[in-house]
């Protein structure tokens with residue numbers, strides 16, 4: 001059952017509609033239509049513009065997806081970006097796959113949950129927006145699925161970016177049959193620009209179908225860098241490459257691309273990026289000195305305080321890692337009377353000592369032999 005708000009046109013049973021947000025393998029057919037009236041579902045023949053209705057048939061739909069024309073949809077509010085990650089375990093280890101399926105369903109309902117299941121380590125990680133969400137997830141898993149769970153201490157989600165321009169080279173041509181040779185130029189990009197990719201290689205050197213494999217593998221290969229975090233703010237260019245009309249097979253460049261990328265990141269080194277929060281604090285004037293001192297200790301910065309009557313307001317920025325427990329501290333200092341609001345501002349460089357590095361989870365492409373064996377399902 002999928003709830004839809006229709007902004008333009010109408011939807012009728014058996015209509016074939018296209019997901020404009022995500023590229024799906026096939027169009028989807030609308031099933032039965034219903035509307036929730038006074039807490040009861042009633043069958044209807046059409047959902048018109050301005051209405052909110054319910055349909056079956058959209059099995060691949062996720063929260064926030066847009067069907068039809070994107071231009072018809074007004075600018076929507078964005079939800080908070082998750083800045084924390086936790087590992088989830090069942091109290092009964094034998095229920096790990098039940099837990100994976102349950103969290104997968106919850107992730108479909110809330111895309112920001114962003115689960116990551118690592119079968120080789122049998123570890124399940126999810127991204128969350130705050131510690132209260134842990135209690136909500138625990139309650140949902142128990143009430144809906146009967147699963148008792150344990151959550152690790154939340155860790156801030158860092159990112160990394162190439163420190164300097166470098167080249168990632170990989171020649172994957174043994175053991176036969178295989179042949180994928182590529183060279184990627186990797187450059188740091190403007191902060192907040194994300195990842196871009198283009199090719200300077202002719203389809204005579206690397207066939208179009210293999211170049212498509214490279215392009216489609218880039219994002220997956222950047223999920224973990226050499227410091228264990230997602231790589232961003234990076235411009236990647238395919239500058240050299242070669243396939244073989246006899247030995248090259250479908251999937252060869254999918255195997256070779258992550259190895260080339262990690263080789264390039266190893267050559268350049270990476271800079272750690274930490275999430276920075278924009279904050280607003282309102283409290284009684286007698287706490288001004290204590291609050292500004294706390295913010296300075298947390299490596300934060302702030303504008304001049306605005307003072308009115310016997311209270312002040314303060315705006316500024318501070319790292320998420322140092323301020324994670326500050327709402328509790330401020331509530332204790334003020335007897336619960338101070339107000340604190342935060343939102344993600346940006347990611348900024350920090351030293352490895354100020355941030356946190358982590359080991360590569362799973363088989364790393366830098367472990368070349370093991371990576372190839374796993375990719376060829378020989379492990």
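Values in this text are rule-based calculations from the coordinates and carry no lab data. Please read these numbers as outputs of a predicted model, since none were measured by experiment. Note: ideal-geometry Cβ built from the backbone for every residue, glycine included; neighbour counts use all protein chains shown.
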Under a crude label model (7 Å from the Cα following the beta-carbon direction), how far is residue 354 from residue 376 in nanometres?
4.5 nm
Expected sort for 234, 2 with the fewest Cβ neighbours (10 Å cutoff) up front is 2, 234
At 1.567 mPa s and 4 °C, plugging the Kirkwood radius over alpha-carbon pairs of segment 274-364 into Stokes-Einstein gives what diffusion coefficient in µm²/s?
91 µm²/s
Take every Cα pair under 8 Å in the chain that's 6+ residues apart, average their separations, divide by the length, and report that relative contact order as a whole percent.
13 percent
For residue 185, placing the label point 7 angstrom along Cα-to-beta-carbon and taking segment 232-260, residues whose amide nitrogen sits under 14 Å are 235-241
Quick one: if you stick a label point 7 Å off each Cα along the C-beta vector at residue 223 and residue 202, how many nm between them?
3.6 nm
Ranking 198, 125, 244 by Cβ neighbours within 10 Å, fewest first, what do you get?
198, 244, 125
dims of segment 225-269, Cα set, principal axes, largest to smallest, nearest Å -> 37, 20, 16
So for segment 51-148, averaging the separation of alpha carbon pairs under 8 Å that are six or more residues apart and normalising by length, what relative contact order in percent results?
31 percent
Starting from the 7 Å offset along Cα-to-Cβ, what nm value, one decimal, do you get for the label separation of residue 155 and residue 139?
2.8 nm
Hey, can you rank 41-54, 215-228 by average C-beta count inside 10 Å, highest first?
215-228, 41-54
So if we plug the beta-carbon distance of residue 46 and residue 105 into 1/(1 + (r/R0)^6) with R0 = 35 Å, what FRET efficiency do we get, rounded to 0.05?
0.75
Taking alpha-carbon centroids only, segment 223-276 lies from segment 135-210 a number of Å equal to 7 Å
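First check a/c for segment 84-156, with a ≥ b ≥ c the square roots of the eigenvalues of its C-alpha gyration tensor; if it is under 1.5, answer rounded, and if not, answer prolate when a/b is larger than b/c or oblate otherwise.
Values: a/c = 1.32, a/b = 1.14, b/c = 1.15.
Because its axes are fairly even, with a/c under 1.5, segment 84-156 counts as rounded.
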Which value results when the Cα radius of gyration for segment 195-243 is divided by 2.2 N^0.38 Å?
1.24
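First measure r as the distance between the Cβ atoms of residue 167 and residue 93, then evaluate 1/(1 + (r/R0)^6) with R0 = 45 Å and state the FRET efficiency to the nearest 0.05.
0.50
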Please state the relative contact order of segment 200-300 as a whole percent: Cα pairs under 8 Å, 6+ residues apart?
33 percent
Once fully extended, how much extra length lies between residue 14 and residue 239, figured as 0.36 nm per residue of separation less the alpha-carbon to alpha-carbon distance?
76.2 nm
Give me the extension gain from residue 310 to residue 116: residue separation times 0.36 nm, minus the current Cα-Cα distance, reported in nm with one decimal.
65.0 nm
Would you indicate which of (i) 29, 53, 18, 0; (ii) 22, 48, 29, 2, 0; (iii) 28, 56, 15, 0 is the value of P(r) over Cα pairs in 20 Å bins from 0, in percent derived from the coordinates of this structure?
(ii)
